[in-house]
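None of the figures in this text is laboratory data; all of them are computed from the coordinates on show. The model shown is predicted, which means the values in this text are computed figures rather than measured ones. Virtual Cβ from ideal backbone geometry, glycine too; neighbours counted across all protein chains shown.
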């Protein structure tokens, strides 16, 4: 008999076959299995009829999604879990993650097949991008950013602040969500010039023109002017080297009021007993995709201390990066 202390292979096997679950999740999303369940429970035969996949395939997908806790199964009928209903049901979802899953399936998954070469050389793989693949790439990344923005607005209190600098991000969603939680908050976006027009369109569509200023400037050299009591630097530091990040943080501090707060959102490697898996996995994703870097949190702390910021805490956002919070000193 195996004692509780005897090692078993279960955890290893779960990791090794996890790609099977991912591929079935992508297929379930692509074929509309979750959306088909938005109005209530269905049998495998009914799912096959609504999605157009063969009955045996519908059963396999539904059983796998039930095993992965995205569906429940009772008396041969499948039903959405709250998480699947909120994020996987297309137009019924509170935030539809389908474009992100499409990106993972069509871009990221295939790209990981080059990971062995990346491990051996330290170099990213070849994305082989064309216009259609870029559309899939951007659609997925921006959808994932919208999730991050929603999680940030839920887990960080923006109510005390009045003047925000959004420096160098790729998505306007973070500040738009923040302004929706605080009617008194105004934002100055300082984004790379190639994103400035899309940010302007986004704030106009959100009805926030009167509380927004959009400035185009290269992130690594931008020197914002103003007195901001909160600064957001979202998905920036992994895209730049250490020296560039120090300058970005120095310029952010120069535009901040005394005691201003900094939100530095990204994935980090940590020194905790148990490394957060999502961050470590994205270190591999960023490396194989384009050679960018998930930095150790301790190194980022050093940059902050060098540039007039005092780290005060880190918060992990559900299904999203972490925010490293610092105060101006």
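Report the full-extension gain for the segment residue 8 to residue 56: residue separation times 0.36 nm, less the Cα-Cα distance, to one decimal in nm.
On the way: separation 48, 0.36 × 48 = 17.28 nm, distance 3.22 nm.
Length gained, residue 8 through residue 56: 14.1 nm.
When the chain is treated as a GNM, springs tying every alpha-carbon pair under 10 Å, which of 163, 217, 67 comes out with the largest mean-square fluctuation?
67
Any idea what the relative contact order of the chain is, in percent, if you count C-alpha pairs under 8 Å spaced at least 6 apart? Numbers along the way, then the final one.
Working: 540 pairs, mean separation 40.4, N = 329.
Across the chain, relative contact order equals 12 percent.
Pick out which of 131, 79, 227 has the largest mean-square fluctuation in a Gaussian network model of the chain, springs linking Cα atoms closer than 10 Å.
Result: 131 has the largest fluctuation of those listed.
Determine the gain in length on full extension of the stretch residue 277-residue 257; use 0.36 nm per residue of separation and subtract their C-alpha separation, reporting nm with one decimal. Intermediate results must be reported in sequence, preceding the final value.
Details: separation 20, 0.36 × 20 = 7.20 nm, distance 3.53 nm.
Result: 3.7 nm gained on full extension.
Could you tell me what percent of the DSSP beta bridges with both partners in the range 114-328 are antiparallel, to the nearest 5?
Values: 13 of 33 bridges.
So the antiparallel bridges amount to about 40 percent of the total.
Taking the structure as given and computing P(r) over Cα pairs in 20 Å bins from 0, in percent, which label from (i) 28, 54, 18, 0; (ii) 33, 61, 6; (iii) 32, 57, 12, 0 fits?
(i)
Helix 277-290 versus the longest principal axis of the chain: what angle, 0 to 90°, nearest 10, using Cα atoms?
Roughly 80 degrees, rounded to the nearest 10.
How large is the translational diffusion coefficient of the range 83-212 in µm² per second when you combine the Kirkwood radius over alpha carbon pairs with Stokes-Einstein at 25 °C and 0.890 mPa s?
Working: Rh = 16.7 Å.
D = 147 µm²/s.
Expressed as an acute angle from 0 to 90° and rounded to the nearest 10, what is the orientation of the C-alpha long axis of helix 18-30 relative to the principal long axis of the chain?
Value to nearest ten degrees: 90.
Taking only DSSP H segments of four or more residues, each worth -39500 (n - 2.57), what value at 222 nm results for the chain once the sum is divided by all its residues, to the nearest 500 deg cm²/dmol? Please list the in-between numbers first.
Details: 14 runs with 148 residues, N = 329.
That calculation yields -13500 deg cm²/dmol at 222 nm.
Counting other beta carbons within 10 Å of each Cβ, put 119, 293 in order, fewest first.
Details: 119 12, 293 18.
Lowest count first: 119, 293.
Once you keep just the Cα pairs under 8 angstrom separated by 6 or more residues, what percentage relative contact order results for the range 10-85? Walk me through the numbers on the way to the answer.
Values: 81 pairs, mean separation 22.8, N = 76.
Once normalised by length, the contact order is 30 percent.
Treating the angle as unsigned and between 0 and 90°, give the value, to the nearest 10°, between the Cα long axis of helix 193-205 and the longest Cα principal axis of the chain.
Between helix and principal axis, roughly 70 degrees.
Can you give me the C-alpha center-to-center distance between the range 9-56 and the range 71-133, rounded to a whole angstrom?
Here the answer is 13 Å between Cα centres.
log10 I(q)/I(0), Debye, Cα-only the range 10-85, no solvent, q = 0.20 Å⁻¹?
For the range 10-85, the Cα-only Debye profile gives -0.78.
By how many nm would the segment from residue 136 to residue 215 grow when fully extended, if each residue of separation counts as 0.36 nm and the alpha-carbon distance is taken off? Walk me through the numbers before you get to the answer.
Details: separation 79, 0.36 × 79 = 28.44 nm, distance 2.70 nm.
Length gained, residue 136 through residue 215: 25.7 nm.
Under a GNM of the chain (C-alpha, springs under 10 Å), which listed residue has the highest mean-square fluctuation: 89, 56, 188?
Evaluated over the chain, the most mobile residue of the options is 56.
Using only the alpha carbon atoms of the range 1-141, find the Kirkwood hydrodynamic radius as the inverse mean reciprocal pair distance, in angstroms to one decimal. Mind showing how you got there, number by number?
Details: mean 1/r = 0.0589 Å⁻¹.
Across the range 1-141, the inverse of the average 1/r is 17.0 Å.
Any number yet on Rg/Rh for the range 155-207, C-alpha, Kirkwood?
Numbers: Rg = 10.8 Å, Rh = 11.4 Å.
Taking Rh as the inverse mean 1/r over Cα pairs, Rg/Rh reads 0.95.
Sort 134, 112, 303, 309 so the one with the fewest other Cβ atoms within 10 Å of its own Cβ comes first.
So the residues, fewest neighbours to most, are 134, 112, 303, 309.
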